[in-house]
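Inspection log for the structure reproduced underneath, given as structure tokens.
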2 protein chains.
Amino acid sequence: MSTEKLASEIRKDQIVEAALHILSDKRVKKLKITEIASHLGLAPSALYRHFKNKDAILSAILEHIREKMYKNVEHVRRKRDNAIDRLQELLSLHENLISQHQGIPRIVFSDELWGQEKIKRQRMYLIVSGYLLELEAIICEGQRKNEINPDLNPEAVARMFFGIVQPAALLWHMSEGTFDLSGHFTAAWPLFQCVLQVESRCDP
Amino acid sequence: MSTEKLASEIRKDQIVEAALHILSDKRVKKLKITEIASHLGLAPSALYRHFKNKDAILSAILEHIREKMYKNVEHVRRKRDNAIDRLQELLSLHENLISQHQGIPRIVFSDELWGQEKIKRQRMYLIVSGYLLELEAIICEGQRKNEINPDLNPEAVARMFFGIVQPAALLWHMSEGTFDLSGHFTAAWPLFQCVLQVESRCDP
DNA sequence: ATTCCATGTGAATTTAAATTCACCTTAAGC
DNA sequence: GCTTAAGGTGAATTTAAATTCACATGGAAT
């Protein structure tokens with residue numbers, strides 16, 4: 001019984017992965033059930049055994065992304081102790097995420113994908129703002145330990161960090177992978193670090 | 001003859017404005033010809049007198065946005081002399097653009113809107129990267145006049161500036177206007193300024 | 001005054017998808 | 001060995017748009 005359930009879960013995952021892959025790899029055109037199906041060597045109607053409708057697939061993708069992002073936060077929390085190091089590593093994880101799955105930023109930063117339903121947008125907002133809160137937590141911790149200038153507004157710093165990632169995703173995507181992603185992060189990091197610095201002259 | 005042409009241009013503009021308004025105001029759902037038409041009190045088929053097809057309308061929107069963005073750059077260049085002031089004012093113009101036309105960031109930062117055609121994405125990339133070049137020019141000028149730390153990588157600084165705007169647009173949009181746009185810019189600016197600062201300790 | 005063209009209309013037509021449905025297949029449990 | 005249900009299929013069906021077309025209309029140029 002549990003094996004069956006598992007098998008079903010596997011198919012679901014495959015569908016989500018395939019969808020994400022299409023979104024990553026191919027053009028911008030909206031995800032088509034037919035295309036996902038053919039990626040898996042299935043008939044379009046087969047997907048309806050696993051998902052109620054296309055919307056349900058999109059929801060599953062959303063959840064998939066959320067998991068990936070939060071796993072990254074967990075990971076750097078475990079692996080690093082220092083706030084600066086954590087942020088730096090998180091940045092590099094983002095770099096990977098972007099370059100491996102062009103589809104992810106596209107989904108996160110765009111909403112054209114989502115139907116008319118307000119709900120999806122709200123969920124996306126919760127994911128993003130929840131992520132920002134995680135960043136904030138890392139930053140605050142760093143401030144307490146005086147690794148980061150305690151005078152800074154952690155919310156603003158978190159968003160600034162986010163502001164390194166988002167344009168990168170945009171440019172990478174728009175440029176069809178021509179944009180120098182790694183160069184961007186390499187150049188952006190020292191600027192950001194400059195903001196974090198303790199004893200900064202930023203505050204009057 | 002020129003009057004006719006003008007009248008035609010006016011209609012075209014109206015169509016673009018209406019489209020933008022729908023994109024701003026209403027939900028995410030893709031722009032529908034029918035909806036644009038009814039906004040103007042026209043039958044859907046009427047739009048085809050002015051644009052070959054929907055794609056042409058989207059192109060016109062793109063052009064409209066490009067103009068707005070470049071006008072803002074022109075404006076701050078004329079009005080302000082100091083690079084820092086220029087950037088600060090540009091930021092506030094962006095704030096206005098976002099709050100007045102939710103549709104603009106949505107189009108710029110999303111590509112789901114655009115059909116399969118690679119061309120639109122390329123055009124969008126040119127617009128964005130062209131805009132970044134404008135920012136860079138302002139920054140370089142400021143560096144020459146020692147208003148901005150000359151050791152900084154102007155490209156990276158330009159993107160960081162852009163990184164203040166983009167997340168704001170995203171959050172504003174996703175939150176359905178709940179997000180505190182003005183607060184964001186107010187908090188982000190001093191952090192950014194801290195980066196620009198001459199005699200910064202950022203560079204080894 | 002007549003002509004003509006730009007603009008507009010409403011009713012088809014087309015198109016491209018999602019979705020449904022009646023019918024197979026196969027492997028697990030009995 | 002039989003039964004059942006989950007997973008699969010291809011051929012409709014539905015749906016929602018964009019788009020086309022034959023037919024107005026009104027105002028400007030001749």
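The values are calculated or read from the model by the stated rules, or taken from the named source; none is laboratory data. Please read all numbers here as calculations on a predicted model, not as lab measurements. Methodologically, a virtual Cβ is constructed for each residue, glycine included, from the backbone with ideal geometry; neighbour enumeration extends over all protein chains shown. Remember, those area values only see protein heavy atoms, side chains included, never the ligands or the DNA or RNA. Shrake-Rupley method; radii C 1.70, N 1.55, O 1.52, S 1.80 Å.
Between a residue in the range A:144-173 that is closer than 17 Å to A:GLU134 by Cα and any residue that is in a loop (DSSP other than H, G, I, E, B) and open to solvent by less than 10 Å² (accessible area, probe 1.4 Å), which pairs come within a Cβ distance under 8 Å, given they are 6 or more apart or on different chains?
A:VAL157/A:ILE148
Is the range B:69-91 home to any residue that is more than 21 Å from B:LEU133 (Cβ to Cβ), more than 13 Å from DNA strand D (Cβ to nearest atom) and at pLDDT 90 or above? Steps first, answer last, please.
So in the range B:69-91, the residues more than 21 Å from B:LEU133 (Cβ to Cβ) come out as none.
Scanning the range B:69-91, I find no residue that is more than 21 Å from B:LEU133 (Cβ to Cβ), more than 13 Å from DNA strand D (Cβ to nearest atom) and at pLDDT 90 or above, so the answer is no.
Is there a residue in the range B:144-153 that is at pLDDT 95 or above, open to solvent by less than 30 Å² (accessible area, probe 1.4 Å), in the same structural domain as B:GLU95 (by TED's automatic domain parsing) and in contact with a Phe, Trp or Tyr (Cβ under 9 Å, 6 or more places away or on another chain)?
Among the residues of the range B:144-153, not one is at pLDDT 95 or above, open to solvent by less than 30 Å² (accessible area, probe 1.4 Å), in the same structural domain as B:GLU95 (by TED's automatic domain parsing) and in contact with a Phe, Trp or Tyr (Cβ under 9 Å, 6 or more places away or on another chain), which makes the answer no.
Go through the range B:21-77 and count every residue that is open to solvent by less than 60 Å² (accessible area, probe 1.4 Å), within 17 Å of the chain's Cα centre (by Cα) and basic (Lys, Arg).
The qualifying residues number 1.
Name the single residue that is modelled with the lowest pLDDT among those in the range A:167-192 being more than 9 Å from chain B (Cβ to nearest Cβ) and under 18 Å from the mean Cα position of the chain (by Cα).
A:GLY177
Quick check, is B:LEU42 at pLDDT below 85 and within 16 Å of DNA strand C (Cβ to nearest atom)?
no
Results for (1) closer than 16 Å to A:ASN153 by Cα; (2) open to solvent by 10 Å² or more (accessible area, probe 1.4 Å); (3) aromatic (Phe, Trp, Tyr), shown as yes or no for each residue.
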residue: B:ALA158; (1), (2), (3): no, no, no
residue: B:PHE161; (1), (2), (3): no, no, yes
residue: B:VAL165; (1), (2), (3): no, no, no
residue: B:LEU171; (1), (2), (3): no, no, no
residue: B:GLY177; (1), (2), (3): no, yes, no
residue: B:SER182; (1), (2), (3): yes, yes, no
residue: B:PHE192; (1), (2), (3): yes, no, yes
residue: B:VAL195; (1), (2), (3): yes, no, no
residue: B:VAL198; (1), (2), (3): no, yes, no
